[in-house]
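**Q** Please find one structure pasted underneath; my questions will follow.
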Amino acid sequence: MITAVSAADIRLSASIDKNKGTVEDTFLLTITVSGTRSASRPVVPPVDGLNIQYTGSSSQVKIINSSMTSSVSYNFVIFPVRVGDFTIGPAYMDHSGKRIKTQPVKIKVVSPKEQYHEDEALFFKAQISNPNPYYNQQIIYTLLFGRRVEIAGAKLDDVQFKDFWVEELDKQNQYYQVIGGEKYKITEVKMALFPSKEGKLTIEPAALRCEVVVKSSRRRPHLFNDFFDDPFFSRKRTTVKILRSNPLEINVKPLPEIGKPQDFYPLVGKIKLNTDISKTNLKQGESTTITLEIIGDANIRDARLSLPDNLDNFKIYDDKPIVNILEKENIVIGQKTFKKAIVPQASGSINLPDFKVAYFDPQDKKYKFAKTPAIKLNVTKSKEEEKLHSIGLSAGPAVEKENIKVLAHDIIPIYTELNALEDQSVKGRESILYVVLFLAPGILFLIVCSLKWYKGKQVAQSDLLRRKNAYKNAVKSFKGLDLLLKDNKCAEFYAQLANITKQYLGDKLGLAGMSLTPQEIQAKLKAANLPQDIISNIGKLMQECEFCQFASNKSNQNECKTVYKNMSNLLKQLDNLL
């Protein structure tokens, strides 16, 4: 379908490759400008429900009977987001003070089949292991991508799970399965979900973008069919498909109140509590380390361990717990390890109190406890201080002996050498050395502070010099772009223009400009309180520069000059504002 409106010698037309498709298909919109090669790119108004992306342009010149005509075609890919009837346009462009428009283009987007059938070459669907789980119970979400055609590439968009804790399973399974008499290659992706909310929950459809390889061959006389049907002579092209899985409804049941332990953390699944102790024979005051490992198919990250009640004879010191997430038989196994240092305060044979963790078993539908086994500690008394007794030589009656007690300690040392009587004061050169050593830390501190202040001043001056010379350096760098335009190296031109702009913005904002993305640039400029139109324009031009470096259609010199002119004007405006 082609529609067009003429104005003077300029003709603007819009064409679409098809008027009907599904949300899995893409549409190619082409806006052609005839009669000039220097016009700016036409504007396609946004449409709610459609994602319209510019992919590049191509130019064409025809000479017929000494008459030359030229045209430029601008290509846009349309990705449907939902089903419905949509009107695109009219697209428009401004030329010589006049606005030229196309007629609007209408397309119809219908829903794809939710279930695959024998004649389908592709399918993409979602499954859930348990549609009626308990709160915080593990369920397995599976995406199945099946095809019996050649795929050039496939990319799964980030799946959004609202009201679920998510643990990804790294392993992807690939296998072949015969469905309806056809052999499909299946790719299986699994994720473990833990509902964080009760009631009816919805898992929205996931989206997968892939390129399907379509083989085609030219029609030839039947005498050569056998020869030219060889795959060597077949041509291949790709078409983009966007597949969406089916939504899933989950009914999450609340945990029962009957039998719920006090301060229960919602640990739902099969749980074990493994125990290991470093030693059971120790002296009073020594410590032993007990290792407690909670392991199971529950959401283990915030699991809590209940302390025993009777710990009068023990002191316990906790260490930071360690969490490991394992994959076993296509489910998530959580492992949380606690280490505790235990110091017995009494001696003898002591039973270590039980540690326990409460959990809800969804199969038996009741609360249970995993406990440590009985552990007995053999604690011996520490050696008592030996008692010292005095021995008296007396002819009189024996007196009662008392323990020697320490009443006080000398605070002045007792000297036993003769040189203790000599003058120990510091004299002469030694006194100068002591003074120098006494003042050295303060002098060193002042030197370090001075160097730090000087370095900070240099950095501030360097940043100020960068900001001051940013625009002048950018203008100098712009001169090198003329050579790229002269050699028609448009991809290198856009890359160099993007780098110059990033370097300018980095110098102005005091950042490493070469690492900035268009989105980061817009965020930094917004933080600098710049006008929104300038921020939007600089973002669009940066995105265009990055896109045109890798666009499949080559840009012409007129487009490059237009982008250069717009970018130069924007940098000049920014230099006055920053």
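The values are calculated or read from the model by the stated rules, or taken from the named source; none is laboratory data. In this text the structure is predicted, and so the values were computed from the model without any measurement. Every residue, glycine as well, gets a Cβ built from its backbone with ideal geometry; the counts of neighbours run over all protein chains shown.
**Q** Can you list the strands (runs of 3 or more DSSP E) found entirely within the stretch 157-214 that contain at least 2 residues being at pLDDT 85 or above and among the aromatic types (Phe, Trp, Tyr)? Spell out the reasoning first.
**A** Values: elements: 164-168, 173-179, 182-195, 199-203.
Counting at least 2 such residues, we get 164-168, 182-195.
**Q** Here's another thing I want to ask about it. May I ask you to list the residues in the stretch 244-277 that are over 30 Å from Gln335 (Cα atoms), surrounded by 15 or more Cβ atoms within 10 Å (Cβ to Cβ) and at pLDDT 85 or above? So that I can check it myself, show each step before the final result.
**A** First pass over the stretch 244-277, keeping only residues over 30 Å from Gln335 (Cα atoms): 244-247.
In the following step, the residues that additionally are surrounded by 15 or more Cβ atoms within 10 Å (Cβ to Cβ) were identified as 244-245.
Answer for the stretch 244-277, where residues must be over 30 Å from Gln335 (Cα atoms), surrounded by 15 or more Cβ atoms within 10 Å (Cβ to Cβ) and at pLDDT 85 or above: just Ser245.
**Q** Let me ask another. Return the residues of the stretch 303-333 that are without any contact (Cβ under 8 Å) to a residue 40 or more places away in the chain, out of contact with any Leu (no Cβ under 7 Å at 6 or more places or on another chain), surrounded by 12 or more Cβ atoms within 10 Å (Cβ to Cβ) and under 30 Å from Val166 (Cα atoms); say none if nothing qualifies. Explain how you work it out, then say what you get.
**A** First, pick out the residues of the stretch 303-333 that are without any contact (Cβ under 8 Å) to a residue 40 or more places away in the chain: 312-324, 326, 328-329, 333.
Then drop every residue that is not out of contact with any Leu (no Cβ under 7 Å at 6 or more places or on another chain), which leaves 312-324, 326, 328-329.
Filter once more, so that each one left must be surrounded by 12 or more Cβ atoms within 10 Å (Cβ to Cβ): 313-316, 319, 321, 323-324.
The answer is Asp319, Pro321, Val323, Asn324.
**Q** Just one of (1) assigned to a loop (DSSP other than H, G, I, E, B); (2) without any contact (Cβ under 8 Å) to a residue 12 or more places away in the chain trips up Pro373, so point out which.
**A** Of (1) assigned to a loop (DSSP other than H, G, I, E, B); (2) without any contact (Cβ under 8 Å) to a residue 12 or more places away in the chain, only one is false for Pro373: (2).
**Q** Separate question: Please indicate, with yes or no, whether at least one residue in the stretch 544-561 is at pLDDT 70 or above, in a helix (DSSP H, G or I), more than 18 Å from Phe478 (Cβ to Cβ) and not small (Gly, Ala, Ser).
**A** no
**Q** Okay, moving on. Counting just the residues of the stretch 181-196 that are under 24 Å from the mean Cα position of the chain (by Cα) and of a type in the set (D, E, K, R), which one comes out surrounded by the most Cβ atoms within 10 Å (Cβ to Cβ)? Explain how you work it out, then say what you get.
**A** Pass one, the stretch 181-196, residues under 24 Å from the mean Cα position of the chain (by Cα): 187-196.
Still in the list and also of a type in the set (D, E, K, R): 188, 190.
Details: Glu188: 17, Lys190: 20.
That would be Lys190.
**Q** I would also like to ask the following. Here are Leu497, Leu516, Leu464, Leu484: which of them is on the phi < 0 side of the Ramachandran plot, out of contact with any Gly (no Cβ under 8 Å at 6 or more places or on another chain), surrounded by 14 or more Cβ atoms within 10 Å (Cβ to Cβ) and at pLDDT below 80? Before the answer, list the steps.
**A** Details: Leu497 fails: at pLDDT below 80; Leu516 fails: out of contact with any Gly (no Cβ under 8 Å at 6 or more places or on another chain); Leu464 fails: surrounded by 14 or more Cβ atoms within 10 Å (Cβ to Cβ).
Only one candidate qualifies: Leu484.
**Q** If we keep just the residues of the stretch 334-346 that are within 17 Å of Thr280 (Cα to Cα) and crowded, with 17+ Cβ neighbours inside 10 Å, which is modelled with the highest pLDDT?
**A** First, pick out the residues of the stretch 334-346 that are within 17 Å of Thr280 (Cα to Cα): 339-346.
From what's left, crowded, with 17+ Cβ neighbours inside 10 Å: 339-340, 342, 344.
On the way: Lys339: 89, Lys340: 86, Ile342: 85, Pro344: 83.
The extreme case among them is Lys339.
**Q** Look through Gln115, Gln103 and report the one residue that is polar (S, T, N, Q), assigned to a loop (DSSP other than H, G, I, E, B) and modelled with pLDDT under 85.
**A** Values: Gln103 fails: modelled with pLDDT under 85.
After applying the criteria, what remains is Gln115.
**Q** Still on this structure, please answer the following. Under 6 Å by Cβ, and 6 or more places apart or on different chains, what pairs join a residue from the stretch 195-211 that is among the basic types (Lys, Arg) with one that is in a loop (DSSP other than H, G, I, E, B)?
**A** Lys197/Asp163
**Q** Identify, by number, the condition in (1) at pLDDT 85 or above; (2) loosely packed, with under 14 Cβ neighbours inside 10 Å that Val44 doesn't meet.
**A** Going through the list (1) at pLDDT 85 or above; (2) loosely packed, with under 14 Cβ neighbours inside 10 Å, Val44 breaks only (2).
**Q** Just checking, which of Asn136, Asn132 is in the same structural domain as Pro247 (by TED's automatic domain parsing) and loosely packed, with under 14 Cβ neighbours inside 10 Å? Spell out how you get there, then give the answer.
**A** Details: Asn136 fails: loosely packed, with under 14 Cβ neighbours inside 10 Å.
The conditions single out Asn132.
**Q** Enumerate the helices (runs of 4 or more DSSP H) found wholly within the stretch 437-531, keeping only those where 3 or more residues are touching a Lys or Arg at 6+ places or on another chain (Cβ under 7 Å). Spell out how you get there, then give the answer.
**A** Numbers: elements: 481-486, 490-509, 518-527.
Those helices (runs of 4 or more DSSP H) span 490-509.
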